[in-house]
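Engineer: I'd like to ask you about the structure that follows.
The values are calculated or read from the model by the stated rules, or taken from the named source; none is laboratory data. Treat the numbers as computed from the prediction; the structure is a model and nothing was measured. Quick reminder, even Gly has a Cβ in these numbers, built from the backbone with ideal geometry, and neighbours come from all protein chains shown.
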């Protein structure tokens, strides 16, 4: 006769381990998917990217002061200053202010713009939108294609 001393996991412990493994894996996948898709920001009930196309403004620079005039009907929360060059674009700074309402102007101090590089500067709007499914607001910097060139 053989000595039958089996050493293994009981079915209850094995089941508990499998369930905890599934819970941990599903949590990791959920967190990964949430960061991959990001949160949807809306403005006027539509994706905020649609409002970027509707943001109509003008920008001028003189002696260290950047003046933004909102000519459209989308409030502008601030601007992103981007330098364009031969090798691509470089974000210089973001300036957020009190909201520039339609028909209003605001002068901003621009630290990273000089008279020499003003011709290569694009000013892109920053809009405030609502995070879908909550009351929270979040700033959204529009793409450079919605910006205005200072030069």
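Engineer: Among the listed residues 68, 82, 95, identify the single one that is outside any loop (DSSP other than H, G, I, E, B), modelled with pLDDT under 80 and surrounded by 15 or more Cβ atoms within 10 Å (Cβ to Cβ). If you could, list the steps in order and put the result at the bottom.
Structural biologist: Numbers: 68 fails: modelled with pLDDT under 80; 82 fails: modelled with pLDDT under 80.
Just a single option satisfies the conditions, and that option is 95.
Engineer: Here is a follow-up. Hey, among the residues in segment 46-62 that are touching a residue at least 40 places away in the same chain (Cβ under 8 Å) and out of contact with any helix residue (DSSP H, G or I) (no Cβ under 8 Å at 6 or more places or on another chain), which one's surrounded by the fewest Cβ atoms within 10 Å (Cβ to Cβ)?
Structural biologist: Looking at residues that are touching a residue at least 40 places away in the same chain (Cβ under 8 Å) and out of contact with any helix residue (DSSP H, G or I) (no Cβ under 8 Å at 6 or more places or on another chain), I get 58.
Engineer: Looking at segment 52-65, which of its residues are part of a strand (DSSP E or B) and within 19 Å of residue 128 (Cβ to Cβ)? Walk me through how you get there before you give the answer.
Structural biologist: As a first pass, look at segment 52-65 and keep what is part of a strand (DSSP E or B): 57-62, 65.
Across segment 52-65, the qualifying residues are 57, 59.
Engineer: Can you spot a residue in segment 111-123 that is out of contact with any helix residue (DSSP H, G or I) (no Cβ under 9 Å at 6 or more places or on another chain), at pLDDT 85 or above and surrounded by 14 or more Cβ atoms within 10 Å (Cβ to Cβ)?
Structural biologist: The answer is yes, given that some residue of segment 111-123 is out of contact with any helix residue (DSSP H, G or I) (no Cβ under 9 Å at 6 or more places or on another chain), at pLDDT 85 or above and surrounded by 14 or more Cβ atoms within 10 Å (Cβ to Cβ).
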